[in-house]
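Rule-based calculations on the coordinates, nothing more; no lab input. What you see is a predicted model, and the numbers here were worked out from it, not measured in a lab. Positions of Cβ are generated from backbone atoms using ideal geometry, with glycine treated the same way; all protein chains shown enter the neighbour counts.
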Ligand code: GLA
């Protein structure tokens, strides 16, 4: 196999096997990968009520909502103290949560919140330990549509149990799955469809047990940051996970960093290309008030988003790798195939894909998504010359 002028050592063809999972209320809410915005990557612990309301306004004014981004997700640091009845109150940054959520809904958007199965969140705020049903009910009463549930200090509870039962090798995993199921059941019991998003950094293969706790998505890795090195380390580590994703349950390689300023446009294009190929939840993490045309070109590209959101719900996977050059494919509805070619090297390189190998022996029509250009009919090898650290995204059809 030739790839970018090099002999490709191995060829991994992706075999996508969708696990048949009965869709519950939560899962039905995520038949395609959830799309929205989350406060953490840009605002972190500084986020306020005013920031969330402004984000909702800008989801509309920037065109994000029209492009399909509907969740406005408030991450950690909204929590205050519990009262004598165990009711969790907000802290002073969020004086009236229900009013703020109503505001988000009034824009035609959905609202997501954050908690932890531990006593404390990762930011040290109150978690849901021993208050799962009470918190789930409060979220439903508030009109919450999405919950990110972040392991954080529940790890301490698991470690303590492991220390007490050193002979029981599986105790930590069993406790973690049970803790996630407890909240999954509590959400289900509210009767409100709430997308349930697990955040436990991909430990103990959540892609295997996630559906059994009612999850619609689960983080597959530790945290992303706004650097090319971290982004590609996460993105390309997703090889082989495609068979665990499908309508209602998605692998989540973490939120987007596009627009946060520390990668080049070509690197952010690689980020978006890889995430749509992975059928990843698309949760933007930028300051929407500072979106540049370059950010909009990537985040609002309808054809790229359609690759992510394709009705077949198949996650893409690696077809070839040779050193710093990779080709990934993703089956799309209508017999089409998305092909992403990546140059991760420090110099301009040719990367190619053999159309016969991806099911188009007698040739195919090629559309270049980022150039917004039809490349016409091609047969055999399709070659693209890619500058360093960049990616191309093609739609191949009969
Ligand atoms: C963890 C999660 C992040 C974010 C922070 C909040 O690190 O992985 O995505 O939610 O906690 O404290």
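So if R0 is 25 Å, what FRET efficiency would residue 398 and residue 350 give, r being the distance between their Cβ atoms, rounded to the nearest 0.05?
Values: r = 26 Å, r/R0 = 1.03.
After rounding to 0.05, the efficiency reads 0.45.
Please give the length that would be gained between residue 169 and residue 383 if that part of the chain were fully extended, namely 0.36 nm times their separation in residues minus their C-alpha to C-alpha distance (nm, one decimal).
Numbers: separation 214, 0.36 × 214 = 77.04 nm, distance 5.04 nm.
Result for the pair: 72.0 nm of gain on full extension.
Compared with the dominant principal axis of the Cα atoms in the chain, helix 171-190 is inclined by about 80°.
Full extension from residue 293 to residue 91: what is 0.36 nm times the residue separation minus their Cα-Cα distance, to one decimal in nm? The residue 293-residue 91 span can extend by a further 69.1 nm.
Taking 45 Å as R0, compute the FRET efficiency from the Cβ-Cβ separation of residue 54 and residue 161 and round it to 0.05.
On the way: r = 43 Å, r/R0 = 0.96.
With a Förster radius of 45 Å, E is 0.55.
Ordering of 240-252, 124-136 by packing is 240-252, 124-136, highest average first (other Cβ atoms within 10 Å, averaged per residue).
Is the shape of segment 2-308 best called rounded, prolate or oblate, per the rule: a/c under 1.5 gives rounded, else a/b larger than b/c gives prolate, else oblate, with a ≥ b ≥ c the square roots of the Cα gyration tensor eigenvalues? Mind dumping the intermediate values first?
Details: a/c = 1.68, a/b = 1.14, b/c = 1.47.
Note, shape of segment 2-308 comes out oblate.
Listing 204, 254 from the residue with the fewest other Cβ atoms within 10 Å to the one with the most, what is the order? Working shown, then result.
Details: 204 14, 254 27.
Result, fewest neighbours first: 204, 254.
Full extension from residue 311 to residue 45: what is 0.36 nm times the residue separation minus their Cα-Cα distance, to one decimal in nm?
Between residue 311 and residue 45, full extension yields an extra 92.2 nm.
Label-to-label distance, residue 105 versus residue 372, with points set 7 angstrom from Cα along the beta-carbon direction: 3.7 nm. Take every pair of alpha-carbon atoms less than 8 Å apart whose residues are at least six positions apart; their mean separation over the length of segment 209-277 yields a relative contact order of 38 percent. Rounded to the nearest 10 degrees, the angle from helix 97-106 to the longest Cα principal axis of the chain is 40 degrees.
Only helices enter this figure: runs of n ≥ 4 DSSP H residues, each worth -39500 (n - 2.57), summed and divided by the residues of the chain, yield -8500 deg cm²/dmol at 222 nm to the nearest 500.
Considering only alpha-carbon pairs that sit under 8 angstrom and 6 or more positions apart, the relative contact order computed for segment 79-207 is 24 percent.
Return a whole-number percent for the relative contact order of the chain, with Cα pairs under 8 Å and 6 or more residues apart as the contact set.
Answer for the chain is 18 percent.
Apply the a/c threshold of 1.5 to the C-alpha gyration tensor of segment 317-397 and tell me whether it is rounded, prolate or oblate. Prolate, since a/c reaches 1.5 and a/b exceeds b/c.
For the chain, the longest principal axis of the alpha carbon atoms and the long axis of helix 49-61 meet at an angle near 30°.
When each of the peptides 71-78, 342-349 is scored by the mean number of other C-beta atoms lying within 10 Å of its residues, the order from highest to lowest reads 71-78, 342-349. Simple spin-label estimate for residue 181 and residue 81 gives 3.6 nm between the two label positions (7 Å along the Cα-to-Cβ direction from each Cα). Fewest neighbouring Cβ atoms within 10 Å first, the residues 167, 257 line up as 167, 257. Between the C-alpha center of segment 184-215 and that of segment 285-329 there is a gap of 25 Å.
Let me know the shape class of segment 166-254, please: from the alpha-carbon gyration tensor, a ≥ b ≥ c as square roots of the eigenvalues, rounded when a/c is under 1.5, otherwise prolate if a/b is greater than b/c, or oblate. Oblate is the answer for segment 166-254, as a/c is 1.5 or above yet b/c matches or exceeds a/b.
Restricting to the chain, what percent of DSSP beta bridges are antiparallel, rounded to 5? The answer is about 65 percent antiparallel. Using the Cβ-Cβ distance between residue 222 and residue 365 with R0 set to 41 Å, the FRET efficiency from 1/(1 + (r/R0)^6) comes to roughly 0.55. A crude spin-label estimate for the pair residue 31 and residue 208, with each label 7 Å from Cα along the Cβ direction, gives 3.1 nm.
So for each of 387-394, 169-176 I average, over its residues, the number of other beta carbons within 10 Å; can you give me the resulting order with the highest mean first? Let's see the in-between values first.
Working: 387-394: 20.8, 169-176: 15.4.
Packing order, densest peptide first, comes out as 387-394, 169-176.
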